[in-house]
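First comes the structure, then the notes that go with it.
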Amino acid sequence: QAERTIKLLLEQVAPPRGDDADGTESNLTVATDATTLASAAGSAAAADNSNSSRSCSRLTAREDDESIETAPETRERGLVVDGKTLIFILDQRTHLLPAFLSLTQQCSSVLISRATPLQKALVVKLTKQSLGIMTLAVGDGANDVSMIQTADVGVGISGVEGRQAVMASDFAITRFSHLHRLLLLHGHWCYDRFASIILYYFYKNANLTLVLLWYQFYCCFSGNNFIDQMYLIAFGLFFTSIPPIVIGVYDKDTPSSVLLSEPKLYSVGRLNQVYKHSYFWVNILDAFYQSLVMFFFAAATHLGTVSGLDELGTTVMHSCLVSQLLHVAVEIKSWTILHVLSLVGSLLVFHLFIVLYTLTCVSCFGLQSQYGVWAHLITSPRHWLIVLITAVTAVLPRFVYRGLQSSLYPSAVQLSVLRNKQRVWKARLHREPHEGGKRQGEELPIQLISQNNVEG
């Protein structure tokens, strides 16, 4: 009986054929009730008048023929299943799970009532394995612990039922209403930050590694380095470690008001639109190009001079640091005082370290002495010109790309931010006293003056 009901529901919610064969979904709203038997499943339920059919008939469809014919095309479907019906669906002997999962995919939401803790965990597990999607479980009691632990991400609510769910969860909130901000706001920010930082770390490490690789063509791949080992150790540990931390904690691509007013922006993280394979290879190609500019430009300017490898290595290291900091500055989406201090602090740490190292360490750790190298470079105009030219030349393509992408092909997040700024400008205009159209027009952006319909 349950199998016939599910098949009947699948036939009803399947996309219509004929005129709507282009993939438009049906306008039927599916709902199951523990006590009501739908007219669609009535004939099938009457065929079997046994006790088992009474429990199986809890999975039902309730519809009204007249309302379906006049229902708008934007109407969504919902499915409600109770725990007793779920016993038959999860039983492997009935082979109903594939049909049930196919039915749930046609619905916008599925509600399971009166389910046991084991059933909750099984539903989450089967959904992960069968549909291949990430799952999030929210619970507030001890009966939700198994479901929270089975899901990819678990959220516990501390309340009257104790803190068992909180202890087993990845994130904890005090009220269920806070889930709105946790997902739409902090979830979006965290995904954007992590994706940006991961791409930056791939770029940063590939950039420095390729710079060292180009020198191997001049030393027959003997493995010698033209950059001092202390610089290589401190580069990732001190020189470039502060900006990624600040970006990963405080960077915001969109204000909170925009994210909460436009929940559709959550799909940016759900569809993985910030971190893609193509973006990874673009960053690797960018690191490849920048390494070519840094090494060969500095090497070409040192040919035919009395400068040694120590001066060349220090100059290239300085250029690499400035280029990567400019790269970070291009990728920052919300400037704060902490972002500025992280970039300036990285430069100060580099200069402080190199001054102390080259003026106090004559022979340290068995490495070649760098004594007096920085004192000579700091007074050399060629050194500062090389650093300035290579840094600007290396980061210029990315700067141009970001500018063109934001102007010609803005993302959904950028468009939302722009609409929010335009609404703010309009609100300021209406609050100010009318002192003449010309003066008011001068206070607005040019794009807002020439565009009356912002949404259009």
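The values are calculated or read from the model by the stated rules, or taken from the named source; none is laboratory data. The shown structure was predicted, so the numbers you read here are calculated from the model rather than taken from an experiment. In this analysis, Cβ positions are derived from the backbone assuming ideal geometry, glycine residues included, and neighbour counts consider all displayed protein chains. Ligands, DNA and RNA are excluded from the accessible area calculation, which covers all protein heavy atoms including side chains. Shrake-Rupley method; radii C 1.70, N 1.55, O 1.52, S 1.80 Å.
Identification of helices (runs of 4 or more DSSP H) wholly contained in segment 404-456 with 3 or more residues that are more than 26 Å from Leu184 (Cα to Cα) and modelled with pLDDT of 75 or more yields 412-431. Could you tell me whether any residue of segment 145-157 is surrounded by fewer than 20 Cβ atoms within 10 Å (Cβ to Cβ), outside any helix (DSSP H, G or I) and at pLDDT 90 or above? Yes: segment 145-157 contains one or more residues that are surrounded by fewer than 20 Cβ atoms within 10 Å (Cβ to Cβ), outside any helix (DSSP H, G or I) and at pLDDT 90 or above. Tell me whether segment 271-283 contains one or more residues that are of a type in the set (S, T, N, Q), closer than 30 Å to Val413 by Cβ, assigned to a helix (DSSP H, G or I) and in contact with a Ser or Thr (Cβ under 8 Å, 6 or more places away or on another chain). Looking for residues that are of a type in the set (S, T, N, Q), closer than 30 Å to Val413 by Cβ, assigned to a helix (DSSP H, G or I) and in contact with a Ser or Thr (Cβ under 8 Å, 6 or more places away or on another chain), one finds none in segment 271-283, hence no. Only residues that are among the small types (Gly, Ala, Ser) and open to solvent by 60 Å² or more (accessible area, probe 1.4 Å) were counted across segment 96-110, and they come to 2. Among the residues of segment 158-184, those that are open to solvent by less than 40 Å² (accessible area, probe 1.4 Å) and more than 24 Å from Asn272 (Cα to Cα) comprise Ser158, Gly162, Ala165, Val166, Ala168, Ile173. Would you mind stating whether Phe295 is farther than 18 Å from Tyr231 by Cβ and at pLDDT 90 or above? It is false that Phe295 is farther than 18 Å from Tyr231 by Cβ and at pLDDT 90 or above. Kindly indicate whether Tyr191 is open to solvent by less than 20 Å² (accessible area, probe 1.4 Å) and among the hydroxyl-bearing types (Ser, Thr, Tyr). When the stated conditions are applied, Tyr191 does not pass them. Among the residues of segment 207-226, those that are among the hydrophobic types (A, V, I, L, M, F, W, C), modelled with pLDDT of 90 or more and either open to solvent by less than 20 Å² (accessible area, probe 1.4 Å) or part of a loop (DSSP other than H, G, I, E, B) (or both) comprise Val211, Phe217. If the condition is being among the aromatic types (Phe, Trp, Tyr) and within 31 Å of the chain's Cα centre (by Cα), then segment 348-406 contributes Phe399, Tyr401. In segment 111-139, what count of residues is obtained for those that are without any contact (Cβ under 8 Å) to a residue 40 or more places away in the chain, outside any helix (DSSP H, G or I) and open to solvent by less than 60 Å² (accessible area, probe 1.4 Å)? Of the residues in that region, 5 qualify.
Would you check which residues across segment 78-95 are open to solvent by less than 10 Å² (accessible area, probe 1.4 Å) and in contact (Cβ under 8 Å) with a residue 40 or more places away in the chain and list them?
Step one: of segment 78-95, the residues open to solvent by less than 10 Å² (accessible area, probe 1.4 Å) are 79, 81, 83, 85-86, 89.
Leu79, Val81, Thr85, Ile89 - these are the residues of segment 78-95 that are open to solvent by less than 10 Å² (accessible area, probe 1.4 Å) and in contact (Cβ under 8 Å) with a residue 40 or more places away in the chain.
Taking the condition open to solvent by 80 Å² or more (accessible area, probe 1.4 Å) and either of a type outside the set (Ser, Thr, Tyr) or within 28 Å of Leu385 (Cβ to Cβ) (or both), does Leu292 pass? Outline the logic, then answer.
Details: open to solvent by 80 Å² or more (accessible area, probe 1.4 Å): no; either of a type outside the set (Ser, Thr, Tyr) or within 28 Å of Leu385 (Cβ to Cβ) (or both): yes.
Criteria not met by Leu292.
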